[in-house]
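The values are calculated or read from the model by the stated rules, or taken from the named source; none is laboratory data. Every value quoted in this text rests on a predicted model; they were computed, and no experiment measured them. Cβ: placed from backbone, ideal geometry, glycine included. Neighbour counts: every protein chain shown. The area values use the complete protein model at the heavy-atom level, side chains included, leaving out ligands, DNA and RNA. Shrake-Rupley method; radii C 1.70, N 1.55, O 1.52, S 1.80 Å.
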Amino acid sequence: MCGISGVFLKPGEILEMSVLKKMSQVLADRGPDAEGIYFPDPGRSSYGLVHRRLKIIDLSDQANQPMIGPSGQTRIVYNGEIYNFRELKIELEKSGYSFRTQSDTEVILVGFEAWGTEVFKRLNGIFAFGLLDERSAQPKLFLVRDSMGVKPLFYVEQAGRFAFGSTLKPLMQLDWIDRRIESQTLFHFLQFSHIPSPRSIFRQIRQVSPGGWLQWHEGKLSEDHYFNLISILPIQSLESRKMSPAAEEDFWLRKLEESLLQSVDQQRVSDVPVGCFLSGGIDSSLIASAYAQVERRKISTFSIAFREKEYDESTYAREVARTLGTDHHEWIVTPREMRDLIPQLGDVLDQPFADPSILPTLLLMKFARQKVTVGFSGDGGDELFFGYDYHQILYRISALRRVPQWVRGPFFQSMEGLSRGLNQIHSSNRLQQMVKFSEMMQFEDEADLFQYFVGMVGPLRADRVAQLLVDHQGSSRWACFRDWLVELDAAKVPMPWENKIAYVFMKTFMVDTVLTKTDRASMTYGLEARVPFLNRNMLELASQIPFHLKYKKGVKKYLLRELLRKKFPPSIYARKKQGFGVPLAMWLRGELRYLLDEYLGEDRLRREGILYPQAVRNLVKAHLDGKANHSHLLWSLISFQLWKEKYL
């Protein structure tokens, strides 16, 4: 993995080398091994490229970037890995092209000169890159992001200028960037604990969409895509429809095992040590099993342990490691070690992000980096195989979508009032859940419904979230999920409800929370995280597996569990999903209460003028008094304040 950035000023403007150096410096964590800058004509040029390298494949200096193509007129800054680069290289060599390095970077460049933009859809991997083509009178810049959004890529177009970066940090080194916050985006951050792509926290800065590419040429920006998730989700295989239920299940179980082995085998390509992050859950255990099988030597696995049993999964991780015979490494961390990371979050996160599990994730990445430079992650397994509790709830309430809101709304409004009143008399988690469920069931449309499930955790309706903001007009009336649902409707592809659920989660929560968390945490320590479940062959397979083998008789991820059953004892395959949690509600009432006073105090909020002091005070009081669990929303507010203190 690496860090990339670049700047293109207006014709006639002169770019300073010092600006490129600053952009490079803030990307050093992502690429600690080498620095490269392309500045075609210092003192006269209006554009330049920056690269920070983490060496993974071809460790020689010849593979450093920005790399130049065979024509001498194309260059690339690239972050990621192309898993099929050797196959593409052989094909290009047969066409007469030669190569100077053993890197996947050069294959992208040569492929572009041979096939043009068609090369983008031929790349199987995780990547974000900027490719400069100077073969015409005016240079063209192409920005390309991998199909599932594993690697981040931000850009800004403003007053005839253009810039891009792996994160927001290099863009914030430019004095012409508009740093105004979009209040609507801040509202959605408070709802979802992440910034919903393709937006960023800043008004003018956007993200390249997964599977998308941009072209900047002669001061104009155009956008296209080489991959669209809609194209694979409706696929249903005909191969198993005439089989008996037992034969069908066995058929897909074999397909699943073969595909997972193929994915891990493709992704283990590396010239540096590789290991596995291991929680003892379904996804990480299957990845570790597949890696041990294809590697045929003792592999390294890494996990962290907690003394608090309700948050500790280390017993399961150790059992998986013993079963596979891995070289297992375990770090017992304390709550204090996690809490000590909080002041550092402003350095780790380039825009507000409030999933508290980033704290243990950071510790895991730091621990693994002592032994390996690449680690396999189980990210994507829940999204592809229907693994979340919210998946199950959305599927079960499908029938309620067809009940008119004018019938459904008043009924659940009455239930909400009753539950809220009882909670005031005697607060309990069950009553708080009833309040939230009753509010959710008053949804106006599908977009409104999805926001509750991908969004915040806590008994506070969207319009009440908006009231926390001084500038909140219209926020609660706009549903960011409507963009994705409109896209589905425009595609005119029949899609069952369960596929629609999967689509929305993959386009939102997976990209903006799951993958963002893994990327920022791993790259903080110069560690590359790979995601075999999101390999191209796994995406295609998951789209073909019948839904009744993903969710069967109330069992989520049924087929994955059956594969796990083949390889591990009952203590592993029969356990409930746990997740990478922290006792946030308790901490905010105890050791972290000082954060509420320091960052959400009335005087400070009144002085800053972004958050409404009275509304925040009521929220804090309800949480501290035990009347509600507002821990996730309070953590979002604290995370925003920590970010703002660092960057604004």
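Output yes when any residue across segment 405-422 is small (Gly, Ala, Ser) and in contact (Cβ under 8 Å) with a residue 40 or more places away in the chain, and no when none is.
No, segment 405-422 contains no residue that is small (Gly, Ala, Ser) and in contact (Cβ under 8 Å) with a residue 40 or more places away in the chain.
Among the residues in segment 489-502, are any acidic (Asp, Glu) and open to solvent by 10 Å² or more (accessible area, probe 1.4 Å)? Show your work before the answer.
Just the residues of segment 489-502 that are acidic (Asp, Glu), to begin with: 489, 498.
Still in the running and open to solvent by 10 Å² or more (accessible area, probe 1.4 Å): 489, 498.
Checking segment 489-502: at least one residue is acidic (Asp, Glu) and open to solvent by 10 Å² or more (accessible area, probe 1.4 Å).
Among Lys151, Lys169, Lys121, Lys94, which is over 27 Å from Met510 (Cβ atoms) and of a type in the set (D, E, K, R)?
Lys94
Could we say that Ser357 is within 28 Å of Phe640 (Cα to Cα) and of a type in the set (S, T, N, Q) here?
The answer is yes for Ser357.
Collect the residues in segment 105-122 that are charged (D, E, K, R) and either more than 13 Å from Gln65 (Cβ to Cβ) or assigned to a loop (DSSP other than H, G, I, E, B) (or both), keeping them in residue-number order.
Glu113, Glu118, Lys121, Arg122
Listed residues Gly581, Gly590; which is closer than 20 Å to His194 by Cβ and part of a loop (DSSP other than H, G, I, E, B)?
Answer to the selection: Gly581.
Anything in segment 297-324 that is in contact (Cβ under 8 Å) with a residue 24 or more places away in the chain, of a type outside the set (Val, Ile, Thr) and closer than 15 Å to Ile572 by Cβ? List them, or say none.
Passing the criteria: Ser303, Glu313, Ser314, Tyr316, Ala317, Arg318, Glu319, Ala321, Leu324.
Conditions first: (1) of a type in the set (A, V, I, L, M); (2) open to solvent by less than 30 Å² (accessible area, probe 1.4 Å); (3) under 18 Å from Ile282 (Cα atoms). Val555 passes all but one, so which condition is the exception?
(2)
Could you list, in sequence order, the residues of segment 52-104 that are out of contact with any Asp or Glu (no Cβ under 7 Å at 6 or more places or on another chain) and in a strand (DSSP E or B)?
Once the filter is applied, which keeps residues that are out of contact with any Asp or Glu (no Cβ under 7 Å at 6 or more places or on another chain) and in a strand (DSSP E or B), segment 52-104 yields Ile68, Arg75, Ile76, Val77, Tyr78, Asn79.
Under 23 Å from Glu383 (Cα atoms) and out of contact with any Cys (no Cβ under 7 Å at 6 or more places or on another chain): which single residue out of Arg396, Arg420 fits that description?
Values: Arg420 fails: under 23 Å from Glu383 (Cα atoms).
It is Arg396.
In this structure, is Lys556 more than 25 Å from the chain's Cα centre (by Cα) and of a type in the set (D, E, K, R)?
Here the answer is no, as Lys556 does not meet what is asked.
Search segment 178-189 for residues being touching a Ser or Thr at 6+ places or on another chain (Cβ under 9 Å) and in contact (Cβ under 8 Å) with a residue 40 or more places away in the chain, and hand back the single one that is most open to solvent (accessible area, probe 1.4 Å).
Restricting to residues being touching a Ser or Thr at 6+ places or on another chain (Cβ under 9 Å) and in contact (Cβ under 8 Å) with a residue 40 or more places away in the chain, the top hit is Gln184.
Regarding Leu20, is this residue part of a helix (DSSP H, G or I), open to solvent by less than 20 Å² (accessible area, probe 1.4 Å), at pLDDT 95 or above and under 21 Å from Asp133 (Cα atoms)?
Answer is yes for this residue.
Please determine, by comparing only the residues of segment 416-448 that are of a type in the set (Asp, Glu) and over 27 Å from Lys557 (Cβ atoms), which one is surrounded by the fewest Cβ atoms within 10 Å (Cβ to Cβ).
Glu444
Of all residues in segment 45-90, how many are touching a strand residue (DSSP E or B) at 6+ places or on another chain (Cβ under 8 Å), among the polar types (S, T, N, Q) and over 21 Å from Asp133 (Cα atoms)?
Count: 1.
What are the residues in segment 479-529 that are among the small types (Gly, Ala, Ser), more than 15 Å from the chain's Cα centre (by Cα) and not in a helix (DSSP H, G or I), if any?
Across segment 479-529, the qualifying residues are Ala479, Gly526.
Residue by residue through segment 546-568, note down the ones that are touching a residue at least 60 places away in the same chain (Cβ under 8 Å) and not in a helix (DSSP H, G or I).
Within segment 546-568, Pro546, Lys550, Tyr551, Gly554, Lys556, Lys557, Phe568 meet the criteria.
Assess whether Gly116 counts as being at pLDDT 95 or above and under 27 Å from the mean Cα position of the chain (by Cα).
No, not satisfied.
Yes or no, residue by residue, for (1) surrounded by fewer than 19 Cβ atoms within 10 Å (Cβ to Cβ); (2) farther than 30 Å from Lys121 by Cβ; (3) touching a Leu at 6+ places or on another chain (Cβ under 6 Å):
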residue	(1), (2), (3)
Ala137	yes, no, no
Arg145	no, no, yes
Ala159	yes, yes, no
Gly165	no, no, yes
Met172	no, yes, no
Trp176	yes, yes, no
Gln191	no, yes, no
Phe202	no, yes, no
Gly212	no, no, no
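Residues in segment 96-110: is at least one small (Gly, Ala, Ser) and either modelled with pLDDT under 95 or closer than 20 Å to Gln215 by Cβ (or both)?
no
When segment 27-51 is examined, which residues are found to be in a strand (DSSP E or B) and open to solvent by 40 Å² or more (accessible area, probe 1.4 Å)?
Glu35, Ile37
Looking at (1) open to solvent by less than 10 Å² (accessible area, probe 1.4 Å); (2) touching a Ser or Thr at 6+ places or on another chain (Cβ under 7 Å), can you tell me which one Ile545 breaks?
(2)
Just name the residue that is farthest from the chain's Cα centre (by Cα) out of those in segment 305-339 that are open to solvent by less than 10 Å² (accessible area, probe 1.4 Å) and under 16 Å from Ser377 (Cβ atoms).
Of all residues in segment 305-339, those open to solvent by less than 10 Å² (accessible area, probe 1.4 Å) come to 305, 314, 317, 320-321, 333, 338.
Cutting the leftovers down to under 16 Å from Ser377 (Cβ atoms) gives us 317, 320.
Values: Ala317: 24, Val320: 26 Å.
Checking each candidate, the answer is Val320.
Tell me which residues, restricted to segment 266-281, are farther than 19 Å from Leu54 by Cα and either in contact with a Lys or Arg (Cβ under 8 Å, 6 or more places away or on another chain) or surrounded by fewer than 17 Cβ atoms within 10 Å (Cβ to Cβ) (or both).
Gly280, Gly281
Just name the residue that is farthest from Phe187 (Cα to Cα) out of those in segment 592-648 that are of a type in the set (Val, Ile, Thr) and open to solvent by 10 Å² or more (accessible area, probe 1.4 Å).
Val620
Consider Met441 carefully, then state whether it is in contact with a Leu (Cβ under 7 Å, 6 or more places away or on another chain), within 30 Å of Ile195 (Cβ to Cβ) and free of Cβ contacts under 8 Å to residues at least 60 places away in the same chain.
Values: in contact with a Leu (Cβ under 7 Å, 6 or more places away or on another chain): yes; within 30 Å of Ile195 (Cβ to Cβ): yes; free of Cβ contacts under 8 Å to residues at least 60 places away in the same chain: yes.
Here the answer is yes, as Met441 does meet what is asked.
What residue, among those in segment 386-415 that are outside any helix (DSSP H, G or I) and more than 28 Å from Gly280 (Cα to Cα), is least open to solvent (accessible area, probe 1.4 Å)?
Ile397
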